[in-house]
Amino acid sequence: IISLIIVDLELTVSSLLAGAGIVGLALGFAFQDITANFISGVFIAFRKPIQVGDIIETGSFMGLVEEINLRVTVIRTFQGLHVIIPNKDIFQSAVTNYTKTDDRRIDLEVGVSYADNLEQVKEIAIKAVSNIPNLMPGREIELYYNAFGDSSINFILMIWIHYPNEAVYLKAKSDAIMAIKKAFDANDITIPFPIRTLDFGIKGGQTLSEMKT
């Protein structure tokens with residue numbers, strides 16, 4: 001650059017510097033995602049928010065972490081698919097790591113008939129799920145009524161289980177549903193179907209018996 005200035009080629013110097021700036025800017029835009037993924041991979045490697053073998057959920061994907069490198073994280077979904085996620089998406093987005101804690105709560109929403117005794121329903125439902133496998137010791141089973149539905153009074157049943165993997169969670173939830181259904185059937189407690197009542201006789205209308213076929 002000094003030599004070009006000495007021989008009176010300042011315009012050439014300006015052109016070279018401008019060209020270098022444009023090239024640098026273009027390269028910066030071209031490699032920004034690669035750089036962001038690399039830096040995110042370094043942070044993930046040192047801070048370890050997730051590790052190989054963890055069960056995570058990020059975005060619309062949930063599965064087992066199989067590989068973490070400096071550019072991408074690979075998870076295997078429970079449907080057997082491999083999903084390759086850029087590290088910057090992992091680092092910049094909300095990630096749920098189910099492996100970080102040993103316990104997890106199952107929330108079951110159930111409805112019973114308006115004709116049923118709610119105290120009896122509560123007692124039977126809690127007793128029904130008290131013997132399912134993998135319950136966390138020392139954790140109370142809780143039941144709260146929370147809504148008057150169209151055809152039922154609704155409640156939420158909360159159960160804490162030991163969570164080693166997703167299969168155990170799904171099995172515990174399935175066992176709880178079957179236990180509640182069996183206990184309700186044995187005690188004549190109804191889980192009602194949705195009901196719709198049509199009134200044709202309101203405000204000048206006709207009843208069904210008056211309508212011509």
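The values are calculated or read from the model by the stated rules, or taken from the named source; none is laboratory data. Everything numeric here is computed off the predicted structure, so don't read it as measured data. We place every Cβ from the backbone using ideal geometry, glycine too, and count neighbours over all the protein chains shown. Heavy atoms of the whole protein, side chains included, go into the accessibility calculation; ligands, DNA and RNA do not. Shrake-Rupley method; radii C 1.70, N 1.55, O 1.52, S 1.80 Å.
Which net charge results for the neighbourhood of ASN97, defined as the other residues with beta-carbon distances under 10 angstrom from its beta-carbon, given Lys and Arg at +1 and Asp and Glu at -1? If you can, show how the numbers build up before the last one.
Details: positive: LYS100; negative: ASP54, GLU57.
After counting each charged neighbour, the total is -1.
How many percent of the accessible area of segment 112-158 is carbon or sulfur, using a 1.4 Å probe? The partial results should precede the final answer.
Details: 1390 of 2850 Å².
Looking at segment 112-158 in its full context, I get 49 percent from C and S.
What order, most packed first, do the peptides 109-116, 75-82, 86-93 have when packing is the mean number of other Cβ atoms within 10 Å of each residue? Don't skip to the end; give the middle numbers.
Working: 109-116: 15.9, 75-82: 12.2, 86-93: 17.8.
Result, highest mean Cβ count within 10 Å first: 86-93, 109-116, 75-82.
What Kirkwood hydrodynamic radius do you get for segment 30-112 when you take the inverse of the mean 1/r over all pairs of distinct Cα atoms, in Å? Before the final figure, lay out the partial values.
Numbers: mean 1/r = 0.0729 Å⁻¹.
Result for segment 30-112, one decimal place: 13.7 Å.
Which entries of LYS48/LYS88; LYS48/LYS173; LYS127/LYS173; LYS100/LYS127; LYS122/LYS181 show an alpha-carbon separation above 21 angstrom in the structure shown? Display every interim value, and only then the final one.
On the way: LYS48/LYS88 14 Å; LYS48/LYS173 30 Å; LYS127/LYS173 15 Å; LYS100/LYS127 30 Å; LYS122/LYS181 13 Å.
In this structure, LYS48/LYS173; LYS100/LYS127 exceed 21 Å between Cα atoms.
What Kirkwood Rh does segment 71-147 have if only Cα atoms enter the pairwise 1/r average? Answer in Å. Let's see the in-between values first.
On the way: mean 1/r = 0.0595 Å⁻¹.
About 16.8 Å, per the Kirkwood formula over Cα pairs.
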